[in-house]
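Undergrad: Here's a structure for you.
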């Protein structure tokens, strides 16, 4: 088992009834930035705060839904992080979805939103108070369509996902405010 799958198993996102096979990692990319590259200002609070275009592949055949979580583990200061700030929570994306357009307004049929750490639904772009932060765009393929959870937090959504993750992909971008 590779290190990534071991991490998923330790975090209980892959439960005993579902053991991910080698190679069950999805690919997630953006035409706006490279993996570990800088996120353009238009996708941040310094710009239009538009969600970046995202594309993915490798959704396993048994997937019933997808989840997208965007968060920043470097808050508030990357030199002394104290929390993970949640920027976007989407779930029940149809498994046939292959991405989201820049500044997406209408979600695919059946897709639902959770709340971010600003206490609202929708995308909230990078807006770091200090330093260069990392922004993780995490995509999960689930073997179920989750029930309507209302407007779940990331933590509530992750609890509902436990034991249902078939595959995962991750794209990391960075941002530092230009003052």
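Undergrad: Quick one: compute the contact order of the chain, relative version, from alpha carbon pairs under 8 angstrom and 6+ residues apart, as a percent.
TA: Relative contact order comes out at 30 percent.
Undergrad: Order these peptides, 127-134, 52-59, by their mean beta-carbon neighbour count within 10 angstrom, highest first. Mind dumping the intermediate values first?
TA: Details: 127-134: 16.4, 52-59: 18.4.
Descending mean neighbour count gives 52-59, 127-134.
Undergrad: On to the next question. What does the highest-first list of 80-87, 102-109, 169-176 look like by mean Cβ count within 10 Å?
TA: Values: 80-87: 16.1, 102-109: 12.5, 169-176: 19.9.
Most protected by this proxy first, the peptides run 169-176, 80-87, 102-109.
Undergrad: Here is a further query. Antiparallel as a % of all DSSP beta bridges within the chain, to the nearest 5?
TA: Details: 31 of 34 bridges.
So the antiparallel bridges in the chain amount to around 90 percent.
Undergrad: Got a sec? How would 137, 178 order by Cβ neighbour count within 10 Å, fewest to most?
TA: Working: 137 25, 178 7.
Least to most surrounded, the residues fall as 178, 137.
Undergrad: Continuing with this model, one more query. So for 33, 136, fewest C-beta neighbours within 10 Å to most, what's the order?
TA: Numbers: 33 21, 136 16.
Ascending number of Cβ neighbours within 10 Å: 136, 33.
Any read-out appearing in this document is the output of simple, stated calculations on the displayed coordinates, not a laboratory observation. Keep in mind that what you see is a predicted model, and the values were worked out from it rather than measured. Cβ atoms come from the backbone with ideal geometry, glycine included; neighbour counts cover every protein chain shown.
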